[in-house]
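Reviewing the structure listed below.
The values are calculated or read from the model by the stated rules, or taken from the named source; none is laboratory data. What you are looking at is a predicted structure, and each value in this text was computed from that prediction instead of being measured. Positions of Cβ are generated from backbone atoms using ideal geometry, with glycine treated the same way; all protein chains shown enter the neighbour counts.
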Amino acid sequence: MPNFSIKILFFTISIIGILCIPFLSYKLIPDNISPVLKVSFSWPNTSQYIIEREVTSRFEGIFSSVKDVKKIISKSYAGYGEIFIEFNNKTDIDRVRFQLSTLIRQIYPNLPKGITYPKVLKQRYYDQDVRFLSYSIIEKKGNSNISQFIDKILTPRINQIKNVSSIKYDGIPSYYYEVKYNSKEINLLNISINEIKLSLIHSLEKKNLGTFISTNKTYSEEFSIILNDSFSIEELYNLPLKKVKSKIIRLKDVASIIKKKREPINLFRINGQKSISFSIVADKNANQIKLANTIKREIQNLDKEYSNYNFILTNDKTIHLKKELGSIFFRTLMSFVFLLFFTAFVYQSSRYVFVLFFSLIVILLVSFIFFKVFEIGIHIYSLMAIAISIGFAIDNTIISIDHYLRNKNRKIVLPIFAATITTITPLFLIVFLEDSIRINLIDFSWTLVIILTSSLLVSFFFTPSIIQSNTPKRNLLKIRKLFLLVGYYRKIILFLTRYRIIIGVVLIFLFGTPLFLLPKNIEGNSFWTDAYNLSIGSDYYTNYVRPKTDKYFGGVLKLFFENSLDDDFIQNPKRPKVSMRIKTPFGSTINYIDTICKKIENSLNLNLSLGIDFFQTTIYDKRSAQIDVFFKADTSLDFLYDLKGFLEKESLNMSGVDFTIYGVGKPFGTFSDESYSSSIIFMGYDYKKLHSYAEMVSKKIIKNNRIKNTVLQSEQSWFYHNKKKYTLQGIDLVSRNVLKDFYDNFSLKEIGNYKIGKGKIPIKLISNTKEKKSAYIILNTQFLANDSIRYKPKFDVKLDLKSVPDKIVKSNQEYQLVLQYDFKGTKKHNKIVKKDIINRFKKYFAPGFKLKDGDIVPLDDKSKTLFLPILVCLFMIFSICAILLESFMKSLLIVSMIPITLIGLFFSLYYMEIGFNSGVYGGLILLIGILVNSAIFIINEYTNYNKKFNSEKSYFKAFNQKIIPITITILSTVVGLIPFLISDSENNFWYPFAVTICLGLLFSLFTLIFILPIYLVSNNKYDSILSK
């Protein structure tokens, strides 16, 4: 194709790329929905044990038969249950949702009465917050109906805005109808509580007739068909209960109905004032910055129109997105400027800089088209990929320009293509990372792939067409002659080739061998497993030989596996704040914890209001609360530490309450007795037996002086407390009436819902003599054993107070319990102690039961599972090089450059005290493909010269031809990452990521110059291993 046509084509493509920019999706974090379905149901006034046995287990059984199911996690609570079904990544989620709905419809008629019809919903990834804008509404006078304002004005006004997906409210006051019966009257009329309850239930219950699914082009929705007679409260009063002596006894004869405000189980306040909060969820492909501006204007209009309500913006993720956009733009601009100055300094040609500048602009504009086509959003991960990939993209352009200026042809196409493919190949290792990390890095990887692919197209076609019409002068600094001028480089290489075997052995020892990864023993009864267990798995080898082999043969590889950090997750940006978590002792009331929070709120308002923007209080339940303090933009760091000291002082003045304060830097504050540092997970098929095993381990390990505060629960949690309940022991289960009467007298029963408009209000049944009973009253109350016998529990019943998990959790139909505890000591010591506990107790467990380490250490354990994918990745790179060079030995030499370079990198990271976390691992993934690129270019050029010259002359000719563009590409990538090293030094992912790439590239330059030629060049005495 003529050069003029190529220029016009890329000019047109660039214009299209510019037009695509406004239509891209802008958000803070990627909006990926994992292939997970959530099935939820409720069964009021039913314990978690009955729900698990009668409902959850049955659902798990039928769901496990569905195709492509990867994992099933169920949680059975008191009164309701949830089941999460995770599918393979390529599963059609709408298809399996329809299949689950069909299975539920088949089994529902066989379930116990009183269970609501299960809902099947698409579930976003477990910890991903999709609310991008949050407000709180404060009622100024307190005499208006805020619920009516929300239903009739606020919700319709927000929903009419385009791209608003949904609105989620918290803190709206709720009500219920209390049916209070007269205990004396029903006893005189011989009416049981159960008769009243059944009459109410039958009149209120809905008759489910089935479901139907409505489907359109964008989504499908499931609807239930129910039969429900609506009635008034007056009709409920006239509900017939029983016929006594020819007289029909109605509800109004023995009970009264009162509408009451529900006692809050949680509270939320802004600046100490009661408020209602609402959060807005945007559509998947919405431009969140533009949408947020539209919503803010609408809220401002509402604030002016309705002066009785005050709207406070509590969370705006677009602020962080704008800030990150500015930061990324600044880093990108600085990287671009550094690269241009660096190129201008080396080549001393304005035309050369001009070609690089326009080539890079075209690469980005072509990439924007692919972003739109493949629906890649602009968020912090894709922005970071764009900024990082500038150095990589410009590398292809530099190599292409240098080759074209020298040879006036495009034969460099194949090496550039191979180098780009080797860079892209390791990105597929992200598939093997933890799901919570992988789901965020998918767009990061695709952004890199798109930009590198665009750089290929531009380097092959656009850049040569510009060079032909605007050829830059090759007025280079005389760096290429540096080695020749000094005269030592050739002598050094020829000298080192004599000791290539010794150097190879030293490099192998420095890198290390994976002997320390060998398991201590292998299960099985074959000849090979027995031979392994008698040799490597023997006690002698484990106790005497293995420590020495691990020490002397482990090398830097052992450092990589043994020095992983625990805090390697990627933290999405959040608004800076200082938080105080509050825990009250067992027996506390909602009023008690509310009083504590109000004291702290008053102190914040009186003493520290100058530097505080606002603070919000969230009371989760009777025993846990949190106060979050947000700051003004110009707040100094000194003020934050003053606030920390103030909150610590306030916490010391309140005895019996546990506080944890964190937010500035690493978590800090007073120690909480229930802030756990370690955990052990128990798995098994029988819940009671599993619970007994867990209690046995708990009682044993608490004798260790370093372990305290052991708590048994269903899931891992930092901010958690077990519910404590009274349990009855000693009752003869034949006398079921005793238990039933006990439940009727001491429980508040929710028996149905009264429909009002589009909403519904719960109806509860309660005795007019109901009050909170002490243990003495419970044991001395007379219960009905049968029609004529009364029974007092104190003679045969023991009342115990025990901590019990508030839910039952199963993973793939295995019950799960978690033993969490505090450990005094280092993390390394904790791992040793925990490993000893697991090995000591697992022999007492019956088949089908197991215990394992519950701490989340993604790289310490998962790096072993990633070892095989890395080897596969290296094999793919080896194959690509073999196809290009048509030589196995040369390809093997190129791949060997990777571990040699990693020797210097691992040692540097170790002495810089940068742990091998996910940031370092992410850098290694990208680095594996980059390291071989330089060797590919030199060996490809060496192969071409080797057809005419001997090995020595061919290498030094190839070296002189390629060392300058290769050095420039490496240094340009490092220079492009300098802004990330300066501005993100405290980031736990991106800073280690950038450091890893920079150090790796610099060490690769050393490897390329001094190690590669040792095994490529021959001399008079020693032939090259590649000469044949």
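Summary of values
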{"read-out": "ASP170 over 22 Å from ILE289 (Cα atoms), acidic (Asp, Glu) and at pLDDT below 80", "value": "yes"}
{"read-out": "Residues of the stretch 818-836 that turn out to be under 26 Å from the mean Cα position of the chain (by Cα) and in a helix (DSSP H, G or I), as a count", "value": "5"}
{"read-out": "So GLY904, is it surrounded by 21 or more Cβ atoms within 10 Å (Cβ to Cβ) and part of a helix (DSSP H, G or I)", "value": "no"}
{"read-out": "Residues of the stretch 167-190 that turn out to be touching an Asp or Glu at 6+ places or on another chain (Cβ under 9 Å) and β-branched (Val, Ile, Thr), as a count", "value": "1"}
{"read-out": "Candidate set from the stretch 1-28 (those that are touching a strand residue (DSSP E or B) at 6+ places or on another chain (Cβ under 7 Å) and among the aliphatic types (A, V, I, L, M)); member that is modelled with the highest pLDDT", "value": "LEU24"}
{"read-out": "Some residue of the stretch 335-358 being surrounded by fewer than 19 Cβ atoms within 10 Å (Cβ to Cβ) and within 14 Å of SER455 (Cα to Cα)", "value": "yes"}
{"read-out": "Pick from the stretch 671-698, criterion at pLDDT below 85, surrounded by fewer than 19 Cβ atoms within 10 Å (Cβ to Cβ) and not hydroxyl-bearing (Ser, Thr, Tyr), ranking: farthest from TYR844 (Cα to Cα)", "value": "PHE671"}
{"read-out": "Those residues of the stretch 157-173 which are more than 27 Å from the chain's Cα centre (by Cα) and within 18 Å of ASP283 (Cβ to Cβ), in sequence order", "value": "ARG157, ILE158, ASN159, GLN160, ILE161, LYS162"}
{"read-out": "Helices (runs of 4 or more DSSP H) within the stretch 135-195 that include 2 or more residues farther than 30 Å from VAL254 by Cα", "value": "146-149, 155-159"}
{"read-out": "Filtered residues of the stretch 947-986 (kept if among the aliphatic types (A, V, I, L, M) and over 16 Å from GLY391 (Cβ atoms))", "value": "ALA958, ILE963, ILE964"}
{"read-out": "For ASN705: the one exception among (1) within 20 Å of GLY854 (Cα to Cα); (2) part of a loop (DSSP other than H, G, I, E, B); (3) modelled with pLDDT of 80 or more; (4) not acidic (Asp, Glu)", "value": "(1)"}
{"read-out": "Candidate set: the stretch 31-71, residues that are outside any strand (DSSP E or B) and among the small types (Gly, Ala, Ser); chosen: the one modelled with the highest pLDDT", "value": "SER57"}
{"read-out": "Criterion: surrounded by fewer than 16 Cβ atoms within 10 Å (Cβ to Cβ) and touching a residue at least 60 places away in the same chain (Cβ under 8 Å) - qualifying residue of LYS827, LYS835", "value": "LYS827"}
{"read-out": "Sole exception among (1) surrounded by fewer than 23 Cβ atoms within 10 Å (Cβ to Cβ); (2) free of Cβ contacts under 8 Å to residues at least 40 places away in the same chain for ILE978, by number", "value": "(2)"}
{"read-out": "Residue among ILE225, ILE248, ILE257 that alone is surrounded by fewer than 14 Cβ atoms within 10 Å (Cβ to Cβ), at pLDDT 70 or above and assigned to a strand (DSSP E or B)", "value": "ILE248"}
{"read-out": "Members of the stretch 318-328 that are in contact with a strand residue (DSSP E or B) (Cβ under 7 Å, 6 or more places away or on another chain) and modelled with pLDDT of 75 or more", "value": "THR318"}
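Conditions (1) of a type in the set (Phe, Trp, Tyr); (2) under 30 Å from PRO464 (Cβ atoms); (3) at pLDDT below 80, marked per residue:
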residue	(1), (2), (3)
ASN285	no, no, yes
ASN293	no, no, no
PHE330	yes, no, yes
VAL362	no, yes, no
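Residue-by-condition table, conditions (1) over 35 Å from the mean Cα position of the chain (by Cα); (2) assigned to a helix (DSSP H, G or I):
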{"position": "LYS323", "(1), (2)": "no, yes"}
{"position": "PHE345", "(1), (2)": "yes, yes"}
{"position": "ILE361", "(1), (2)": "no, yes"}
{"position": "GLU375", "(1), (2)": "no, no"}
{"position": "GLY391", "(1), (2)": "no, yes"}
{"position": "ASP395", "(1), (2)": "no, yes"}
